[in-house]
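Since the structure comes first, as structure tokens, the remarks are kept for the end.
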Amino acid sequence: MDILTEVAKKAQEDSGVRIHRRNVERLLSAVQQEQDFWKIVDRADLTVPAASSIVKILIEKNLLFIDDKENILLTQAGRDLVEEEGIHIIQDHKCNACDGRGIPFYDDIELYRIFVQIAKDRPEPIQDYDQGAVTPETTISRVLFLDSRGDLRGKEIMVMGAEDDLTGLAVALTRKAKRVVILDIDERLIEFDKNVFKELGIDNAEAMVWDLRNPFPEEWIGAFDVFITDPPETIAAFKAFTGRGISLLKREGCAGYFGLTLRDSSLFRWHNFQKELVSNFGVVITDIVKDFNHYMNWQYHEKTKAAKIAPVKRSPRDIWYRSAWYRIETLPGFKRWNEPISDEVFYLDEEGSTT
Ligand code: SPD
């Protein structure tokens with residue numbers, strides 16, 4: 001067995017998450033460009049448990065070391081290995097004008113300015129509900145993305161379980177949707193939105209506290225054109241958020257949006273999610289924009305499993321947690337699902353670690 005396969009096998013045994021040879025290669029590629037553990041995780045497109053285990057085993061094998069500033073570096077043996085295996089850096093040729101999103105947030109600079117002004121007083125993210133807000137640039141890009149796909153103007157839009165990002169508020173601020181309904185389990189966020197709507201006289205948007213483990217009332221089923229969400233990435237939570245979102249949609253040709261990371265779920269998990277969407281719910285995935293969503297670091301990081309299993313004590317200093325932006329569209333015969341969820345494993349499982 002070659003050394004990269006051996007490292008992948010041992011890392012899988014130690015972490016309990018699925019890891020293959022290419023994951024080790026990508027990490028060795030990332031280490032040639034970044035020394036900060038959290039930036040390495042991001043660049044290697046790995047979950048924290050996978051990256052932590054791989055780094056620890058590469059250190060045991062004297063291929064990596066951590067210096068006194070907690071930088072992660074290749075040893076001479078590590079440098080020899082990447083040379084022999086032909087493991088190169090991955091050169092990112094993304095468009096700098098839109099940060100690779102395909103949507104420049106400043107295309108509606110007035111919306112961005114108003115949003116930033118309002119969002120400065122937003123409630124802090126809390127650990128209980130796995131909160132962590134995306135940057136204002138991300139939120140506005142989400143809204144402009146909807147507009148670019150014909151999913152904003154005159155549409156009835158439900159934004160569910162994602163209001164730490166204030167996406168529902170930003171949609172409402174455009175005043176272009178016909179109706180906006182915002183659901184979140186966190187009363188602080190709902191009150192925040194309600195106050196803004198009152199102050200600005202926005203009367204086509206409502207916000208209410210809702211736990212997405214509970215089924216929706218009959219009058220919401222089939223009543224919306226678009227849903228937006230950002231689910232925790234356990235199997236149960238993904239189903240509760242996206243399955244329930246699909247149940248809201250009026251007919252074929254309606255759209256759903258959500259973010260999926262590679263920080264709290266792997267490509268193996270994406271495969272399961274995609275099969276569920278395509279085969280069971282009867283929708284088609286029309287867009288996946290890698291690294292569209294950038295999350296600002298959250299204050300509770302030190303209390304998370306991610307902080308405990310990381311090979312360094314240093315907290316993230318820069319954006320390292322990003323997710324792909326998915327758009328799905330209903331096809332004729334799509335399935336609606338609106339059952340209660342009682343699964344305990346809602347926020348955290350073996351791949352997740354940032355809650
Ligand atoms: N706990 C880290 C912040 C997570 C915010 N939610 C991300 C959901 C991605 N689908």
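Computed from the coordinates by the stated procedures, all read-outs in this text should not be read as laboratory data. These numbers were taken from a predicted model, which means no experiment stands behind them. Cβ sites come from the backbone with ideal geometry, for glycine too, and all protein chains shown count toward neighbours.
Provide, as a two-decimal number, the C-alpha radius of gyration of segment 3-85 over 2.2 N^0.38 Å, N being how many residues it has.
In units of the globular-protein estimate, segment 3-85 measures up at 0.96.
Using a simple spin-label model with points 7 Å from Cα along the Cα→Cβ vector, what separation in nm is obtained for residue 107 and residue 274?
Using points 7 Å along Cα→Cβ, the separation is 2.5 nm.
With loop defined by DSSP as not H, G, I, E or B, and exposure as at most 10 other Cβ atoms within 10 Å, which is the longest segment of the chain clear of exposed trypsin sites (Lys or Arg not before Pro)?
Numbers: sites that count: 69, 120, 251, 313, 317.
Free of exposed loop sites, the longest segment is 121-250.
Just the ratio, please: alpha-carbon radius of gyration of segment 133-242 over 2.2 N^0.38 Å, N its number of residues.
1.00
Below 18 Å, Cα to Cα, which lysines can residue 178 reach? Residues fewer than 8 away in the same chain don't count.
Qualifying lysines at Cα under 18 Å: 155, 194, 198, 250.
Considering every pair of different Cα atoms, what Kirkwood radius, in Å, is found for the chain?
21.2
If you restrict to DSSP beta bridges whose two residues both lie in the chain, what percentage is antiparallel, to the nearest 5?
Counting only bridges with both partners in the chain, antiparallel ones make up about 50 percent.
Which lysines have a Cα lying under 20 Å from the Cα of residue 39, excluding residues fewer than 8 positions away in the same chain?
Straight-distance partners of residue 39: 56, 69, 94, 290, 303, 305, 308, 313.
Which cross-chain or sequence-distant (5 or more) residues have an amide H under 5 Å from the amide H of residue 64, H modelled 1.01 Å from N in plane?
Amide H to amide H, under 5 Å and 5 or more residues apart or across chains, residue 64 pairs with 59, 75.
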